[in-house]
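Notes to accompany the following structure.
The values are calculated or read from the model by the stated rules, or taken from the named source; none is laboratory data. The structure presented is a predicted model; accordingly, all values stated were derived computationally and were not measured. So basically every Cβ, Gly included, is an ideal-geometry build from the backbone, and we count neighbours across all protein chains shown. For the accessible areas, the whole protein counts, side chains as well, though only heavy atoms, and no ligand, DNA or RNA atoms are used. Shrake-Rupley method; radii C 1.70, N 1.55, O 1.52, S 1.80 Å.
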Amino acid sequence: MKISHFLALLFSFLFLSCSTPKSTNYLVGTYTDNSTEGINYINFNSKTKKIKLNSVIADVKDPSFVIANKSKTIVIAVEHTESEKGGKVVSYSYDKSSKLFQKLNSFFTLGNNPCSVTFSPKEDYVLVGNYSGGNLSVFPIDKNGFLSDAVQSIQYEGKSINSQRQEKPHVHCIVLHPKQSKIFVADLGTDSIEIIPFDENTQPFLNEEHALSYKVASGSGPRHLVFNSSGTILYATFELTNEIGVFEYKENNLKQIQTIALTAPTINGSAAELRLSNDEKFLYASVRGNDNAIIVMNTNDGKKLEVIQTIKTAKTPRNFILTKEQDNILVASQFSNLISVFERDIKTGLLKPTTNELSINKPVYFFPF
């Protein structure tokens, strides 16, 4: 083969490789109206900005939050339901060759309306936060994805000043510290952030005796939490006041260093999801209610938050996610039955709406898959 021909073929190969559309799959948690709905498995193409539906894991009731293990072979969802024994946590296996999901088993969560779920670092446990139950439960899980009944449950007590929304504890979020063996729990009902150490090699998993409780401003209603990668800064959405709280975390202690408003002052707000860009330069929050917007903030390297954009969305933007390449954001608007695509400028952090969207019944959560 002549060198010129070889170079031409090589150039063609490199061109095709570079021009191959980049796509990512996501699991989408939803609220359901019938048995044909459930967890949506979608694909987003970052080059064309098109979203398509791959399949639906049906016959699951209100799978509002859904996660997967690191190898993407096990899927866990919570059913945001009520009963004498609480809602449910459900496990599925995923076969990568056939691209099929199979239900494995489920257990009651010991608290109503579960709305947060996460794996422990070694993926030996699944932790579930129950909103109406005001508690969290711990479920062992084996390597094949089969859950066992809860081995631990922590019940919170108390209330706060908003009589309609804070009449009792409301666990809304469980996150793991990125560097330490601790979980952080946002309790909207008692205006507190709980810090609980854990050890996957001991029983019980969570060490309640050494748990700490940090109180935030009364009536604020902490909802979602996100750490920076070093674990030194914690951001929290205050749902009821439509604010973001910024905390310094050091020596097992939280210190609030800033509060920033997302909207005009309110005591019955609807701030929801919170996401930090990979470079940690920009923070994003969704606000529902009358606002229906994504708020873009510059972190100024973690020193001081600054709102730089408020961009309107479809009705009730619950969850949203920055795509793998960080150049788009997908927004799930629950009461518009819509997933919308927004372009993102990686350098400035600013968003721009597109016409690309996908109709899905009451989407409320994204997980990369």
Before we move on, is L104 farther than 20 Å from G129 by Cβ, modelled with pLDDT of 95 or more and of a type in the set (A, V, I, L, M, F, W, C)? yes
Pick from the range 127-146 the residues that are polar (S, T, N, Q) and assigned to a loop (DSSP other than H, G, I, E, B): which of them is surrounded by the fewest Cβ atoms within 10 Å (Cβ to Cβ)? N144
Residue among L351, L330 that is open to solvent by less than 40 Å² (accessible area, probe 1.4 Å), out of contact with any Ser or Thr (no Cβ under 9 Å at 6 or more places or on another chain) and under 25 Å from Y235 (Cα atoms): L351
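For every residue, the table says whether it meets (1) β-branched (V, I, T); (2) over 18 Å from A285 (Cα atoms); (3) not in a loop (DSSP other than H, G, I, E, B).
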| site | (1), (2), (3) |
| --- | --- |
| A332 | no, no, yes |
| E343 | no, no, yes |
| I346 | yes, no, no |
| L358 | no, yes, yes |
| V364 | yes, no, yes |
| F367 | no, no, yes |
Inside the range 108-126, can you point out the residues that are without any contact (Cβ under 8 Å) to a residue 60 or more places away in the chain, crowded, with 20+ Cβ neighbours inside 10 Å and part of a strand (DSSP E or B)? P114, C115, S116, V117, V126
Taking the range 161-176 only, how many residues are without any contact (Cβ under 8 Å) to a residue 60 or more places away in the chain and either over 21 Å from the mean Cα position of the chain (by Cα) or surrounded by fewer than 13 Cβ atoms within 10 Å (Cβ to Cβ) (or both)? 4
Residue match in the range 224-231 (condition: open to solvent by 10 Å² or more (accessible area, probe 1.4 Å), touching a strand residue (DSSP E or B) at 6+ places or on another chain (Cβ under 6 Å) and more than 20 Å from V331 (Cα to Cα)): yes
Any chance the range 83-106 includes a residue that's touching a Pro at 6+ places or on another chain (Cβ under 6 Å), of a type in the set (A, V, I, L, M) and surrounded by 13 or more Cβ atoms within 10 Å (Cβ to Cβ)? no
Quick one: N290 ticks every box in (1) free of Cβ contacts under 8 Å to residues at least 60 places away in the same chain; (2) within 18 Å of K168 (Cα to Cα); (3) not in a strand (DSSP E or B) except a single one, so which number is it? (2)
In the range 312-330, what residues are in a loop (DSSP other than H, G, I, E, B) and among the β-branched types (V, I, T)? T313, T316, T323
So if I check each of A264, A272, A314, which one is open to solvent by less than 10 Å² (accessible area, probe 1.4 Å) and either farther than 16 Å from S220 by Cβ or not basic (K, R) (or both)? A272
Sort out which residues of the range 289-299 are open to solvent by 30 Å² or more (accessible area, probe 1.4 Å), out of contact with any Gly (no Cβ under 8 Å at 6 or more places or on another chain) and modelled with pLDDT of 95 or more, and write them in order of number. D291
Those residues that are more than 17 Å from L127 (Cα to Cα) and either among the hydroxyl-bearing types (S, T, Y) or open to solvent by 10 Å² or more (accessible area, probe 1.4 Å) (or both), I need them from the range 184-217; list them, please. T190, S192, E209, H210, L212, S213, Y214, K215, V216, A217
All but one of (1) under 19 Å from the mean Cα position of the chain (by Cα); (2) assigned to a loop (DSSP other than H, G, I, E, B); (3) of a type in the set (A, V, I, L, M, F, W, C) hold for A150; state the number of the condition that does not hold. (1)
Name the single residue, out of those in the range 233-257 being over 23 Å from the mean Cα position of the chain (by Cα) and among the polar types (S, T, N, Q), that is least open to solvent (accessible area, probe 1.4 Å). N252
Can you confirm whether K324 is free of Cβ contacts under 8 Å to residues at least 12 places away in the same chain and either open to solvent by less than 40 Å² (accessible area, probe 1.4 Å) or not polar (S, T, N, Q) (or both)? no
Return yes when S220 is outside any strand (DSSP E or B), open to solvent by less than 10 Å² (accessible area, probe 1.4 Å) and either in contact (Cβ under 8 Å) with a residue 60 or more places away in the chain or of a type in the set (S, T, Y) (or both) and no when it is not. yes
If you go through Y131, Y156, the only one that is within 19 Å of the chain's Cα centre (by Cα) and closer than 19 Å to G86 by Cα is Y131
